[in-house]
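Visitor: Okay, here's the structure, questions in a sec.
Read the figures in this text as sums done on the coordinates, not as results from a lab. Quantities reported herein were computed from a predicted structural model and do not represent experimental measurements. Note: ideal-geometry Cβ built from the backbone for every residue, glycine included; neighbour counts use all protein chains shown.
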Amino acid sequence: MDNPFHGGVRFRQTLKMPPNAMDSNFNADPENNISNLKDINQSPQVRLENNGSYYLKIFQSSLNLLAHLLIGVTVGASVLFSYRNGSLSLTGIHIVLCVIGYQLLMAEAILCLCPNSGWADGLRLVDKRRVHWILQILGSVLGIFGSIIKSLDKSVNWNTLHGQYGLVAMVFTSVSLVNGLTSLYAYEFRKYLPGNISKITHICFGTIAFAASGISLCYGFEKHNFIEWATPNVTYTLIGFTACFTFIIIINPSITFFNKTLRVFK
Ligand code: HEM
């Protein structure tokens, strides 16, 4: 089968992408399961089951589905809390912007680059990268703006663990945004910054930013008003959900980070 998604060189030529653009684990048919089928009735899953990656696929899909569900519940509960009086207070605006920015958009921006991520699976690599940077920019702007408006509202800043982790998330998100640009144009910037370094630092800063925002959210849930509204049991369940989906989401970038770093030192 003449599939343009196989073979890095042809793929790059078809999409007019720089050589570094194939540096991703996305492939429409990674094990050639579809294109190597001899018989039209043969199931691609037979081959997958044989080499064990079928189970890995199911495992990754299940984890990603779980992450999506937990994100929905956590973001939904935060938005409901913010609107509990019928309209948004300044803290309410802060919460809505931060959770939609960090826990929804930034989380989906990271997930869309993961294998078996669900909704983004059918996208071509070039479109996955577009979706990634669009969601990343939107999420970062909302998260940073949401944090800044609450900081401006306070007379003493960074005096709580919640605010301090929020600050870490803000700083790393800003650096990761700039760094994402050099990663996107790694090929063009290669004279000034080696492509791999740019990508490794982007993954590292982005992962730290996302993890810090998750920790900040957990401390946010511990605020008196929230516990009173949601009850302690629901609050600690939401903290558990946040820890769980944050961990699932950072698995793939962490593996990519270690693989890329190992390749640089080899
Ligand atoms: C990803 C989510 C969140 C991030 C990144 C975040 C970040 C921040 C930041 C940067 C500040 C300002 C700290 C300062 O200037 O000292 C702050 C303050 C505050 N946030 Fe959040 N926040 C998030 C979610 C929440 C949630 C869910 C709640 C409540 C349920 C909340 C309630 C507050 C309150 C009451 C303050 C003022 C007191 C303090 O600084 O601790 N935030 N937040």
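Visitor: Being at negative phi and within 13 Å of the ligand (Cβ to nearest atom), is that true of even one residue in the range 107-118? I'd like the intermediate steps shown before the answer.
Guide: At the first step, the residues of the range 107-118 found to be at negative phi are 107-115, 117.
Imposing the further condition that a residue be within 13 Å of the ligand (Cβ to nearest atom) reduces the set to 107.
Yes, some residue in the range 107-118 is at negative phi and within 13 Å of the ligand (Cβ to nearest atom).
Visitor: Something else about it: Please go through (1) more than 21 Å from Met170 (Cβ to Cβ); (2) within 14 Å of the ligand (Cβ to nearest atom); (3) in contact (Cβ under 8 Å) with a residue 60 or more places away in the chain for Thr256 and return the number of the only condition it doesn't satisfy.
Guide: Among (1) more than 21 Å from Met170 (Cβ to Cβ); (2) within 14 Å of the ligand (Cβ to nearest atom); (3) in contact (Cβ under 8 Å) with a residue 60 or more places away in the chain, the lone unmet condition for Thr256 is (2).
Visitor: Another question, then. Would you pick out the residues in the range 159-168 that are hydrophobic (A, V, I, L, M, F, W, C) and either surrounded by fewer than 12 Cβ atoms within 10 Å (Cβ to Cβ) or more than 7 Å from the ligand (Cβ to nearest atom) (or both)?
Guide: Quick first cut of the range 159-168, residues hydrophobic (A, V, I, L, M, F, W, C) only: 161, 167-168.
Passing the criteria: Leu161, Val168.
Visitor: Is one or more of the residues making up the range 162-182 assigned to a loop (DSSP other than H, G, I, E, B) and not aliphatic (A, V, I, L, M)? Give the steps one after another, and end with the answer.
Guide: Within the range 162-182, the subset assigned to a loop (DSSP other than H, G, I, E, B) is none.
Within the range 162-182, not a single residue is assigned to a loop (DSSP other than H, G, I, E, B) and not aliphatic (A, V, I, L, M).
Visitor: Test Ser117 against the criterion of being in contact (Cβ under 8 Å) with a residue 24 or more places away in the chain, part of a helix (DSSP H, G or I) and not basic (Lys, Arg), and give yes or no.
Guide: Numbers: in contact (Cβ under 8 Å) with a residue 24 or more places away in the chain: yes; part of a helix (DSSP H, G or I): no; not basic (Lys, Arg): yes.
Taking the combined requirement at face value, the residue does not satisfy it.
Visitor: If you don't mind, there's one more thing I want to ask. Identify all residues within the range 228-255 that are touching a helix residue (DSSP H, G or I) at 6+ places or on another chain (Cβ under 6 Å) and hydroxyl-bearing (Ser, Thr, Tyr); write none if there are none.
Guide: Thr235, Thr242, Thr246
Visitor: Identify, from the list Gly139, Gly143, the residue that is crowded, with 16+ Cβ neighbours inside 10 Å, near the ligand (Cβ under 8 Å from one of its atoms) and not in a loop (DSSP other than H, G, I, E, B).
Guide: On the way: Gly139 fails: near the ligand (Cβ under 8 Å from one of its atoms).
Matching residue, one of Gly139, Gly143: Gly143.
Visitor: Determine which member of the set Gly92, Gly101 is under 19 Å from the mean Cα position of the chain (by Cα), surrounded by 17 or more Cβ atoms within 10 Å (Cβ to Cβ) and within 16 Å of the ligand (Cβ to nearest atom).
Guide: Being under 19 Å from the mean Cα position of the chain (by Cα), surrounded by 17 or more Cβ atoms within 10 Å (Cβ to Cβ) and within 16 Å of the ligand (Cβ to nearest atom) holds for just one of Gly92, Gly101, which is Gly101.
Visitor: If you go through the range 216-245, how many residues are surrounded by 15 or more Cβ atoms within 10 Å (Cβ to Cβ), among the small types (Gly, Ala, Ser) and either near the ligand (Cβ under 8 Å from one of its atoms) or without any contact (Cβ under 8 Å) to a residue 24 or more places away in the chain (or both)?
Guide: The number of residues fulfilling the criteria is 2.
Visitor: Let me ask another. Quickly run through the range 103-158 and pick out the residues that are among the small types (Gly, Ala, Ser) and closer than 23 Å to Ile71 by Cα. Outline the logic, then answer.
Guide: From the range 103-158, those among the small types (Gly, Ala, Ser) are 107, 109, 117-118, 120, 122, 139-140, 143, 146-147, 151, 155; that's our starting set.
Answer for the range 103-158, where residues must be among the small types (Gly, Ala, Ser) and closer than 23 Å to Ile71 by Cα: Ala107, Ala109, Ser117, Gly118, Ala120, Gly122, Gly139, Ser140, Gly143, Gly146, Ser147.
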